[in-house]
Structure formats: structure tokens, C-alpha cells
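Asker: Before anything else, here's the structure in question.
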Amino acid sequence: MKINILIDIDLNDCEKAEAQSDILEFCKKYIKFKNSSGVGEIVKANNYDEILIKDCGFPTELNRAFFANDIYYLSELSCFSYAEMYDYVYEIIRNSPKSRQCTDMIYQLMKEHSISYKGINPNELIKITDCGLSIRATNPLVKANLVFLQDITVNTREQIKQIRNFGDGCLKELDSKLKEYDLWYAEKESIF
């Protein structure tokens, strides 16, 4: 059984999302239907876009930036590639560790709700600690707040080479690993 409800109210996108979520909760709680076996309740009501950005626990400045760009639902973040999301968050939150935490949070939420980045599924992100690099190469990258091999691809080879305790041997090892996964460094210097 499918019930369509038409509501014609002039709301902005955020208000529409909240109203949609409220209606869904109301329906789950109060609407009953009658079938041949008697009275039943709605067992499941799903809405793909029900995860509101404002409910994800992001910092206020990031929420404001999303809203300013008409992004109200978590699913709308699929318009970003992984590198674009990384740059976007860094532009909003200039504090590098905090921006790393936010991109990790976004990654976890998107993965949990099976939402893909443009061009890459979150399940395809390769953790630096799990890709087979030596500890000597892994530790400086992790200390530089790089979590995935895809994080490296938003930086030039020269930027990675400047990481403390990351020498030529580590760089050659990383080059080989990036080639193995069909990845490579950015052509031009990123904002990091």
C-alpha cells in the first residue's frame, strides 16, 4: 500500500526537509490501516533523504556553509568527489585537525548510509594503515593527518615529500603503492 500526501506550503528547502521528517514520524506513530486480518500499524516508512545535515553533528560553520550552498540532506553530499569534499571542508574549517575530523565524520556517515562520493564509493577508500606500506612510510603520513591513499591524491608529490620524516625511500615506496592502486598525486598544489 502506498499513500501519497500532497501538501502545498511555501517553505524553504530546510523547512521542507524538517516537515517531511516530522510527517514521516507522525505517520509511523499514528496512522493505522485496516486489512483482512484486522488492524495493523505501518511497519516501515523509509525516506532516502531523511538524514538532515543539521542532525549529523557537524560544526556550526560547516552546517552554515552547506545551507548557503543549498545542501540540506546528507545524500546531497554525493555531488562531491572525495578530493572536492576534502578541499571544501578545509576551506570552511581552516584548522587542519578539525577539518580532518569533519571529513572523517562525513566519510563514516556516508558509508553507514550507503551514499557514494562522486566517482568513488566510500567502501573503496583505502586506509593508509591497511594498504601494505612499511611502518616507516605509514607513520609520517598518519601524523600529517592523512588517513586514506585518496587523501594523498589531493597533494602534489612535492607537498608529500615535505612531510617530516618522510624521506626519498618512503616516497619511492608510496609512488609504487599509488601506482598499484591506480592513483597518483595532484598536478597542482592544493590549499593544504
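The values are calculated or read from the model by the stated rules, or taken from the named source; none is laboratory data. Everything quoted here is computed from the prediction, not taken from an experiment. Cβ atoms come from the backbone with ideal geometry, glycine included; neighbour counts cover every protein chain shown.
Asker: Condition check: at pLDDT below 85 and closer than 30 Å to V154 by Cα. Does D49 satisfy that? Outline the logic, then answer.
Answerer: Numbers: at pLDDT below 85: yes; closer than 30 Å to V154 by Cα: yes.
It is true that D49 is at pLDDT below 85 and closer than 30 Å to V154 by Cα.
Asker: Additional query: Of the residues in the stretch 139-155, how many are over 13 Å from D104 (Cα atoms) and surrounded by 16 or more Cβ atoms within 10 Å (Cβ to Cβ)?
Answerer: Within the stretch 139-155, residues that are over 13 Å from D104 (Cα atoms) and surrounded by 16 or more Cβ atoms within 10 Å (Cβ to Cβ) number 9.
Asker: If I filter the stretch 105-131 down to residues being exposed (fewer than 14 other Cβ atoms within 10 Å of the Cβ) and touching a residue at least 40 places away in the same chain (Cβ under 8 Å), which single residue comes out as farthest from Y185 (Cα to Cα)?
Answerer: H113
Asker: Considering the stretch 77-119 alone, what residues qualify as being aliphatic (A, V, I, L, M) and touching a Ser or Thr at 6+ places or on another chain (Cβ under 7 Å)? Can you show your working first?
Answerer: Pass one, the stretch 77-119, residues aliphatic (A, V, I, L, M): 77, 83, 85, 89, 92-93, 105-106, 109-110, 115.
Of everything in the stretch 77-119, those that are aliphatic (A, V, I, L, M) and touching a Ser or Thr at 6+ places or on another chain (Cβ under 7 Å) turn out to be A83, M85, V89, I93, I115.
Asker: Let me ask something else about it. Which helices (runs of 4 or more DSSP H) sit wholly inside the stretch 75-192 and have at least 1 residues that are of a type in the set (V, I, T), modelled with pLDDT under 85 and under 11 Å from the mean Cα position of the chain (by Cα)?
Answerer: On the way: elements: 82-92, 96-112, 135-143, 149-152, 157-161, 168-180.
Filter on the stretch 75-192 gives 96-112.
Asker: Search the stretch 52-70 for residues that are more than 15 Å from M85 (Cβ to Cβ) and pair each with any residue that is aromatic (F, W, Y) and buried (at least 16 other Cβ atoms within 10 Å of the Cβ) when their beta-carbon atoms are under 9 Å apart and the residues are at least 6 apart or on different chains.
Answerer: These pairs meet every condition: L52/Y72; L52/Y73; K54/F66; K54/Y72.
Asker: Right, G57: of a type in the set (G, A, S) and farther than 24 Å from E187 by Cβ or not? Talk me through it step by step, then tell me what you get.
Answerer: Numbers: of a type in the set (G, A, S): yes; farther than 24 Å from E187 by Cβ: yes.
Here the answer is yes, as G57 does meet what is asked.
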